[in-house]
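Engineer: Mind having a look at this structure? Questions to follow.
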Amino acid sequence: MAAEDAIPTIDISPFVDGSSQDDAHQRVVTEIDNACREVGFFYIKGHGVDEGLLEEVHAGAKAFFQLPLHDKMRIEMADNKYMGRGYQAVGENVTKGRRDLHEALDVWREINDVAALRIPTQHLRTDVVQKMDAFVRGKNQWPDASFEALYTQYIAQMLKLGDVLVRIMALALGLAEDALSSLTDKSFFCLRVIGYPPPEDGASCCVREGGDSMQNGVGCGEHTDYGFVTLLNQDDTQSALQAQTLHGEWVDVTPRKGTLVVNLGDMLSVWTGGKWRATPHRVVNRGGQYRTSVVVFYEPNFDAYITSADGAAGGKSEKGVVYGEHVCQKIATNFSFIS
Ligand SMILES: N=C(N)NCCCC[C@H](N)C(=O)O
Ligand SMILES: O=C(O)CCC(=O)C(=O)O
Ligand SMILES: [Fe+2]
C-alpha cells in the first residue's frame, strides 16, 4: 500500500502561527485524533521550521559520517563514561538481538541537577543501575563547535514543535491543552543523527566481529520508540522507513519534502491507556544510496511518572512507569548482542 493511502499529512499551522480561528484549530485536533487512533504515524506541514534548516542538518550529518572512522571514534559512545552519548559505529546498535546496519550520533538532555532527581532503581539489575547513573550524569560529545551550534538550534526548534504537538494531543483526548506540560517541561529529549549505508556495502562497514549477522541488510530492526512523540526528518532516499498499520501491514513512509514525520512512542500508549498505540516501524534502505535521517525524540521528563490515570479519557487504567527507568532499560538492550 502506498503511504499516501495509509499515512495522513496534517497542516498544523493554526497552532503555530497563533492567529487562527477556532474552527481551524478544531480541524487540526480532529485530524490528529484520527491519525493517533488509526495509525500512530503522520506527516506534518505548516510546522514553521525553515526548510533550509531541515536540509542543513542532513548536509551536516553526511559530512560527519563521511569522516574517517578513526575521527568519528574520538567521540565514541561505547565507553562507560559516555554511556548512551556520542558516536555509535555501524553494527553497534542492536535491535531484538540483531546488529543494525546503521551508524549514529546521539545527544541527550544534559541534567545538571542530578542530585535533585529521584532516580528509580528498585526494579533494575545492578549493572543497569550503574550504566544508568553514568548515562544520566553524562555530558554530550560533539564532533566540533559548528556542528554543536547547528544541532543545538535544531533541537530548540524541535522542542518547541514537540510542545505544540502534545498540546494538540491533549485537546484531542478531551483534556486541558496543558495536560502534558508538567510531564514534558524538562523533556529528556534525544537527538539521534543516523546514517544508513546501502545494504550492498553491508557488513564491510561493520568495525566489529559479527558484522556478517547484518547480511539481511536491515538498517534498523522493528521496534517502537520509547517516549511521547518522535520528530523525524528524512532525506530524499526512497523506500527506507516502513510503519506497520493496525492490520499488521507494512507501508512505506515515503519522504515528502518540507514535512516532518511524527510517530507515537510507548509512553503515549501508557498515558492514553492503550487508546493510542506506539506504532512498530523499521528501516530497510532499498534506495540505492547512503541515507541520513535526523530524529528528535520529544519525551517525558526523566523522572516523570506516566500513568493512564492522568491522561486517558476512557482509557483503561494500568500500572504506571517512570520514564527514566523505561528508557534506561531500553538503552541497555541496544548494546546486547544475543543471536
Ligand atoms: N527510540 C530510539 N532511541 N531509537 C533508536 C534505536 C532503535 C531501536 C532500538 N535498537 C531498540 O531496540 O529499541
Ligand atoms: O531513520 C529512520 O527513518 C527511523 C529511525 C528510527 O526509527 C529510530 O531511530 O528510532
Ligand atoms: Fe524509531
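Engineer: Would it be correct to say that E51 is charged (D, E, K, R), surrounded by fewer than 21 Cβ atoms within 10 Å (Cβ to Cβ), more than 24 Å from A332 (Cβ to Cβ) and free of Cβ contacts under 8 Å to residues at least 40 places away in the same chain?
Structural biologist: Taking the combined requirement at face value, the residue does not satisfy it.
Engineer: Let me ask another. Please work out which residue is nearest to ligand 1 (Cβ to nearest atom), limiting yourself to region 263-277 and to residues that are assigned to a loop (DSSP other than H, G, I, E, B) and of a type outside the set (A, V, I, L, M, F, W, C).
Structural biologist: Across region 263-277, the extreme among qualifying residues is G265.
Engineer: Out of all the residues in region 90-102, which are closer than 23 Å to E325 by Cα and either more than 16 Å from ligand 3 (Cβ to nearest atom) or in a loop (DSSP other than H, G, I, E, B) (or both)?
Structural biologist: E92, N93, K96, G97
Engineer: Now, a different point. Go through (1) crowded, with 18+ Cβ neighbours inside 10 Å; (2) more than 12 Å from ligand 1 (Cβ to nearest atom); (3) at pLDDT 95 or above and name the single condition D225 misses.
Structural biologist: (2) is the only condition that D225 fails.
Engineer: Which numbered condition trips up G248, out of (1) among the small types (G, A, S); (2) away from ligand 2 (no atom under 12 Å from the Cβ); (3) modelled with pLDDT of 95 or more?
Structural biologist: For G248, the exception is condition (3).
Engineer: Considering only residues that are touching a strand residue (DSSP E or B) at 6+ places or on another chain (Cβ under 7 Å) and part of a loop (DSSP other than H, G, I, E, B), look in region 3-42 and name the one that is nearest to D225 (Cα to Cα).
Structural biologist: Per the criteria, the residue is G40.
Engineer: I want to confirm something. Restricting to region 223-268 and keeping residues that are among the small types (G, A, S) and more than 17 Å from H102 (Cβ to Cβ), which single residue is farthest from the chain's Cα centre (by Cα)?
Structural biologist: Checking each candidate, the answer is G248.
Engineer: Among (1) modelled with pLDDT of 95 or more; (2) within 22 Å of Y290 (Cβ to Cβ); (3) within 16 Å of ligand 1 (Cβ to nearest atom); (4) outside any strand (DSSP E or B), there is one condition N216 misses while meeting the rest; what is its number?
Structural biologist: For N216, the failing item is (1).
Engineer: Output the residues belonging to region 79-91 that are within 20 Å of the chain's Cα centre (by Cα) and more than 10 Å from ligand 1 (Cβ to nearest atom).
Structural biologist: Residues satisfying the conditions are Y82, M83, R85, G86, Y87, A89, V90, G91.
Engineer: Here's something else I'd like to know. When you go through L105, L54 one by one, which is the residue that is in a helix (DSSP H, G or I) and touching a strand residue (DSSP E or B) at 6+ places or on another chain (Cβ under 6 Å)?
Structural biologist: When all the criteria are applied, what remains is L54.
Residue by residue, here is whether (1) at pLDDT 95 or above; (2) assigned to a helix (DSSP H, G or I); (3) among the aliphatic types (A, V, I, L, M); (4) more than 16 Å from ligand 3 (Cβ to nearest atom) holds:
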{"residue": "R256", "(1), (2), (3), (4)": "yes, no, no, yes"}
{"residue": "V261", "(1), (2), (3), (4)": "yes, no, yes, no"}
{"residue": "T279", "(1), (2), (3), (4)": "yes, no, no, no"}
{"residue": "G288", "(1), (2), (3), (4)": "no, no, no, yes"}
{"residue": "V296", "(1), (2), (3), (4)": "yes, no, yes, no"}
{"residue": "D310", "(1), (2), (3), (4)": "no, yes, no, yes"}
{"residue": "I331", "(1), (2), (3), (4)": "no, yes, yes, no"}
{"residue": "I338", "(1), (2), (3), (4)": "no, no, yes, yes"}
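The values are calculated or read from the model by the stated rules, or taken from the named source; none is laboratory data. Quantities reported herein were computed from a predicted structural model and do not represent experimental measurements. Positions of Cβ are backbone-derived with ideal geometry, glycine not excepted, and every protein chain shown enters the neighbour counts.
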